[in-house]
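Contents: one structure, followed by commentary.
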Amino acid sequence: MDRITSTKPLCALLATGLLLASCQRGTAMPATPDRAADEAAIRAVLDAVATEFNAGRMDQMVAHYQDDVVVSAPGAPDVVGKAAWLQAIATTLPADVALALRFDTTEMEIAGDLAYERGTYAIGLKDQPGVTVAGGRHIHMFRRQADGSWKGWRLMENSADPAGAPQPPPATAAP
């Protein structure tokens, strides 16, 4: 009985410590996420990306992505980070041609602080509406920032064209 009696003050002290610790963190429940607001915010980011691209302001375009952005495009190594992406854009897009980018979203899912958006994209000539010079499918992954805003985190592009036929291995020369 003495052993049980001697542990009561320790249990009371532990319970008081836990109670105080939980009070210091606050008792307010986190706000319920507003899916419609999150979707609208992500669509606004995509619109801003297209607007900046179409104006040729690539620095402002990549500002809508996290610093550790990864861009995966067909037939190219992954591009990691904003600086590398800007360099890739500078070496792959023609400097003297006005381009117009458009995203069309077909699916969006949001789970806490992560979201993905899937759809198609088209890059056309600004001065020749209806002329597409590049396009395909894309998946954007977004992360909610500390201030509640959304930024692109990962971007994968691929072609909607059918896959080519497998190529036979090269013939080896006879000895």
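Using a cutoff of 8 angstrom between alpha carbon atoms and counting only pairs six or more residues apart, the relative contact order for segment 35-158 works out to 25 percent.
A Förster distance of 45 Å, applied to the separation of the beta-carbon atoms of ASP59 and THR32, puts the FRET efficiency at 0.80. Taking amide H positions as modeled 1.01 Å from N, with prolines and chain starts lacking one, the residues under 5 Å from VAL69 and 5 or more places away or on another chain are GLY81, LYS82.
Put a dot 7 Å past the Cα of THR105, heading toward its Cβ, do the same for THR92, and the two dots end up 2.4 nm apart.
Read the figures in this text as sums done on the coordinates, not as results from a lab. Please read these numbers as outputs of a predicted model, since none were measured by experiment. So basically every Cβ, Gly included, is an ideal-geometry build from the backbone, and we count neighbours across all protein chains shown.
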